[in-house]
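> Got a structure for you, questions after.
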Amino acid sequence: MSKYLLTGCEASAEAAIHAGCKFYAGYPITPQNRFPEYMSKRLPEEGGIFIQAESEISAINMVFGASVCGFRALTSSSSPGISLKQEGISYLAGCQLPAVIINMNRGGPGLGDVTPSQSDYFQATRGGGHGDYRTIVLAPWTVQELYDLTYIAFDIADKYRNPVLILADGVLAQIMESVKFKKKKKKLPIKKWALTGCKGRKPNSIKSLFLTPGVLEKHNWKLYKKYKKIEEKEIRYEKYFCDDVDNIIVSFGTCARICYESVKILRKEGFKIGLFRPITLWPFPYKQLQKEIEKIKKIFVVEMNLGQMIDDVKISNIKNLPIYFYGRPGGGVPTSEEISNFIISCIKGRKEDL
Amino acid sequence: MKSIYKKPESLKEEITIYCPGCGHGIIHRLIAEVIDELNIREKTIGVAPVGCAVLAYDYFNFDVTESAHGRAPAVATAIKRLLPDRIVFTYQGDGDLAAIGTAEIIHSAARGENITVIFVNNAVYGMTKGQMAPTTLPGMKTTTTIDGRDVKCHGYPLKVCELLSQIDGVSYLERTSIDSVQNIIKTKASIKKSFLYQIENNGFSLIEILSPCPVNWKMSPKDSMNWIRDVMSKYFVCGIYKDKGVK
């Protein structure tokens, strides 16, 4: 099967089209401008609708409208833009509407910069918007995986009637890699709840407002059950060189990919180290990581932020092992050598754990 | 015996939350009558606002969705683009449309989205019990302008029809009132025209309706109607602000 050389933005956009996405609304923001540019040409070719919205807020609410009438819909942005979309994501969750949101994470807080970062981990995994809700978060580490996860994100969103967020970054947005395509989806799920006009049925409504006392509480418990089911069924992760290890690195996305090279360097030098990579950041693979932690001595967390994933790693750390953190916030991207040097220093007792 | 007056099919058998003398009930009925008359109930999709009409999906007997505060035109844009043969309208109050949702209404108009907007102007935030709205008149007392709206401090009311009339994407704009039986009949005709324009793929249209809010105005229903006639409609002058006609 032939491969295509694409940027992450293009690959993700193409995956959405292959997954049956018929609607995209977005707003220009670096480093993901190629996304709306690509969609503006490709989506209408496939019979879909592209709209350059007047704001990030409008874009996410257009996606809301597209989802209301049963279509697969997508928006993409980068950190400050994703902040603006949070109200809309909360409404999608409250109304139980499927949608896919791509965040090509850049440095923050505030306007930050336009270089790659993982600083939106808290925002992505802890809700971001108001209310008791969860967003499924997928974190790819290659352009191929960005394609693959975008492709399945629509299925997951439809299956649970819940927004799915892809947390990538500026590297994955702009890097060019070869990508294998999947088959274009022809059969999409039927959505009886969608608003299409009430011909031949009772009127449908979509809402997140429940004013009668106790009704919202029930609705929230219903969502809770759904989130529990997602925690049971949708956890994704990968581990590398973890069969014979004393220490492991926990890292996700682009940073995990750099760590993979660090692990190779360290193993050449005789260090028994492996890599654990959560792919779903929510639900986080707590039990799976716990299993790895049971057989090791030290945990290294490496992120392109100030250590936002550490909280989740701590939940898995039932043996209370020392955790060492190496982070590059504000758009810094580590090299595999600086990570391996840091780890050697830690193993030799020259660095303090957290 | 011949039935000459009944509940429109496009309204559900529901008791509304609206206060005595409120204009929303009248306007809901006008929309429902128009939808019945045009025989489009089964292909109409409504977009409810945040505000007093937030529960519109409980009252209209066709598909209706919620939308976040001010975002109804964005939601309607996507629905209409994806389902161009359906009839899509938003129902919005003055806070929703002319304050928090100003960007959405202006840009939906600029894109010439083929939707109908029913804009209910009662010069006050009703649902939250009477704060200053973007359409509160100069000198008008509200819970956040207890000495009356001072334009030096609170700025001027926004005249939505006048504002949108500058936008090329707009096909039809009219401001009407429901202060009298004649004006209610006129308002219905305007709503019908707006829906007909949509059916004809004529582009964006908006009907601004001056509507009473007796509880928050602290007036009787009758005085409220008089106030619309004597005061409100002097500032918000009724009439057609744009009409491109049918293409």
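The values are calculated or read from the model by the stated rules, or taken from the named source; none is laboratory data. A quick note: this is a predicted structure, and the numbers were derived from the prediction, not measured. A quick note on method: Cβ atoms are made from the backbone with ideal geometry, for glycine too, and the neighbour counts reach across all protein chains shown.
> Which of the residues that make up the range B:56-71 are at the interface with chain A (Cβ under 9 Å from one of its Cβ atoms) and in contact with an Asp or Glu (Cβ under 8 Å, 6 or more places away or on another chain)?
Hits for the range B:56-71 are B:Tyr57, B:Asp58, B:Asn61, B:Phe62, B:Ala68, B:His69, B:Gly70, B:Arg71.
> Filter the range A:171-212 down to the residues that are closer than 30 Å to A:Arg106 by Cβ and hydrophobic (A, V, I, L, M, F, W, C) and list them by number.
A:Val171, A:Leu172, A:Ala173, A:Ile175, A:Met176, A:Val179, A:Phe181 - these are the residues of the range A:171-212 that are closer than 30 Å to A:Arg106 by Cβ and hydrophobic (A, V, I, L, M, F, W, C).
> Only one of these conditions is not met by A:Tyr160: (1) within 26 Å of A:Asn61 (Cβ to Cβ); (2) of a type in the set (Phe, Trp, Tyr); (3) crowded, with 21+ Cβ neighbours inside 10 Å. Which number is it?
(3)
> Could you pull out the residue among B:Ala78, B:Ala74, B:Ala53 that is assigned to a helix (DSSP H, G or I) and either more than 9 Å from chain A (Cβ to nearest Cβ) or modelled with pLDDT under 95 (or both)?
B:Ala53
> Given the conditions (1) of a type outside the set (A, V, I, L, M); (2) in a helix (DSSP H, G or I); (3) at pLDDT below 95, and given that B:Glu14 satisfies all but one, which numbered condition is not satisfied?
Just one mismatch for B:Glu14, condition (2).
> Return a yes/no flag: does the range A:172-185 have any residue that is hydroxyl-bearing (Ser, Thr, Tyr) and either touching a His at 6+ places or on another chain (Cβ under 7 Å) or outside the structural domain of A:Thr115 (by TED's automatic domain parsing) (or both).
no
> Being over 20 Å from the mean Cα position of the chain (by Cα), aliphatic (A, V, I, L, M) and away from every other protein chain (no Cβ under 12 Å): is that true of A:Ile190 here?
yes
> Okay, moving on. Kindly establish whether A:Glu45 is charged (D, E, K, R), more than 12 Å from every other protein chain (Cβ to nearest Cβ) and more than 16 Å from the chain's Cα centre (by Cα).
yes
> When the residues of the range A:249-285 are narrowed to those that are in a strand (DSSP E or B) and touching a Leu at 6+ places or on another chain (Cβ under 8 Å), which ends up surrounded by the fewest Cβ atoms within 10 Å (Cβ to Cβ)?
A:Thr280
> Can I ask one more? Looking at the range B:155-169 only, could you name the residues that are within 20 Å of B:Arg111 (Cβ to Cβ) and of a type in the set (Ser, Thr, Tyr)?
B:Ser165
> Out of A:Pro163, A:Pro109, I need the residue that is free of Cβ contacts under 8 Å to residues at least 24 places away in the same chain and either within 26 Å of A:Val333 (Cα to Cα) or not assigned by TED's automatic domain parsing to the domain that holds A:Glu261 (or both). Which one?
None of the other options fit; the residue is A:Pro109.
> Out of A:Ile279, A:Ile343, A:Ile315, A:Ile347, I need the residue that is more than 23 Å from the chain's Cα centre (by Cα) and either acidic (Asp, Glu) or under 27 Å from A:Asn105 (Cβ atoms) (or both). Which one?
A:Ile343
> Which numbered condition trips up A:Arg72, out of (1) under 19 Å from A:Cys95 (Cβ atoms); (2) more than 14 Å from chain B (Cβ to nearest Cβ); (3) of a type in the set (Lys, Arg)?
(2)
> While we're on this one: List pairs: first residue in the range A:338-354 and within 15 Å of A:Gly307 (Cβ to Cβ), second residue surrounded by fewer than 12 Cβ atoms within 10 Å (Cβ to Cβ) and modelled with pLDDT under 95 anywhere in the structure, Cβ distance under 9 angstrom, at least six positions apart or on different chains.
Every condition considered, the pairs that remain are A:Cys346/A:Glu352.
> State all residues of the range B:121-180 that are loosely packed, with under 14 Cβ neighbours inside 10 Å, closer than 21 Å to B:Pro221 by Cα and among the basic types (Lys, Arg); if no residue qualifies, say none.
B:Lys129
> While we're on this one: From (1) touching a residue at least 24 places away in the same chain (Cβ under 8 Å); (2) closer than 25 Å to B:Trp217 by Cβ, pick out the condition that doesn't hold for B:Ser108.
(2)
> Okay, next question. So, in the range A:22-38, of the ones that are closer than 14 Å to A:Ile101 by Cα and assigned to a helix (DSSP H, G or I), which residue ends up farthest from the other protein chains (Cβ to nearest Cβ)?
Taking the candidates together, the pick is A:Phe35.
Here is a yes/no grid of residues against (1) touching a strand residue (DSSP E or B) at 6+ places or on another chain (Cβ under 8 Å); (2) among the aliphatic types (A, V, I, L, M):
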{"position": "A:Tyr4", "(1), (2)": "yes, no"}
{"position": "A:Ala19", "(1), (2)": "no, yes"}
{"position": "A:Lys22", "(1), (2)": "yes, no"}
{"position": "A:Tyr27", "(1), (2)": "yes, no"}
{"position": "A:Ala53", "(1), (2)": "yes, yes"}
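> From the residues in the range A:220-248 that are farther than 20 Å from A:Leu165 by Cβ and β-branched (Val, Ile, Thr), which one is surrounded by the fewest Cβ atoms within 10 Å (Cβ to Cβ)?
For the range A:220-248, the residue satisfying everything is A:Val245.
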